[in-house]
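Enquirer: Here it is, the structure, as structure tokens.
The values are calculated or read from the model by the stated rules, or taken from the named source; none is laboratory data. Just so it is clear, the model here is predicted, and its values are computed rather than measured. Neighbour counts run over all protein chains shown; Cβ positions are idealised from the backbone, glycine included.
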Amino acid sequence: MNDQKYLVHFETSDILFPDECPICGRHASKTSSIISTMKDWTRVHSVWYFNRGMKGSVTIRKEIQVPVCEEHHIDFHDSVKMKGIFSLIMGLLMVFFLFIGAVIFFYAVDLVVLPLPWYVTFLALGSAIVIGFWASGPSRLEKFVAIEKIMVGSQEVILKFKNLEYAKKVLRLNGDTAKPLRVSRPESPHTDS
């Protein structure tokens, strides 16, 4: 399995993409968004502190439209709604998991055995949380094209591509405003001999 990622630096956020889906290679008839946010720690001036600079964070958000086929199209607004609902459900699951875990722990300290449904519920909630975190990863599109880095104070951005041929097409379309950086390989465990 090829887990290599290809990084491309763009001098502008107006990136041209080929009219093909980066996931399957079919003709692209729609666009979907890839979004990235990052915090930039910068000096913030305030009149309350007599114009002395304080450290503060500013959130930077970058959204890029990528052409995709009908099958792989993701509506951004539906995606945001689903992620919000999903986050709420995951939060509630974690609260119940911690509550039941605390009850089991304190009864165990007192050497009291709870009925079996308590343990089954605890394991079921733990399994649901693990599956939920696994499922909340990047979208299918973000596995093929993702924003690797946003350059603060400019329009520059680094994109990560899974498919080398697609990355080459994007490079050709963008000419001098794009340049390849390197191939990113998956982390390998270090062995000390």
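Enquirer: Filter segment 144-172 for residues that are assigned to a helix (DSSP H, G or I) and touching a residue at least 60 places away in the same chain (Cβ under 8 Å); which is surrounded by the fewest Cβ atoms within 10 Å (Cβ to Cβ)?
Expert: Within segment 144-172, the first condition is being assigned to a helix (DSSP H, G or I), and the residues that meet it are 144, 164-172.
Now narrow it down to the ones that are touching a residue at least 60 places away in the same chain (Cβ under 8 Å): 144, 164, 166-167, 169-171.
Details: F144: 22, L164: 14, Y166: 20, A167: 22, K169: 18, V170: 23, L171: 17.
Only one residue fits best here, namely L164.
Enquirer: So if I check each of D3, D40, which one is part of a loop (DSSP other than H, G, I, E, B) and either small (G, A, S) or modelled with pLDDT under 85 (or both)? Steps first, please.
Expert: Numbers: D40 fails: part of a loop (DSSP other than H, G, I, E, B).
Exactly one of D3, D40 is part of a loop (DSSP other than H, G, I, E, B) and either small (G, A, S) or modelled with pLDDT under 85 (or both), namely D3.
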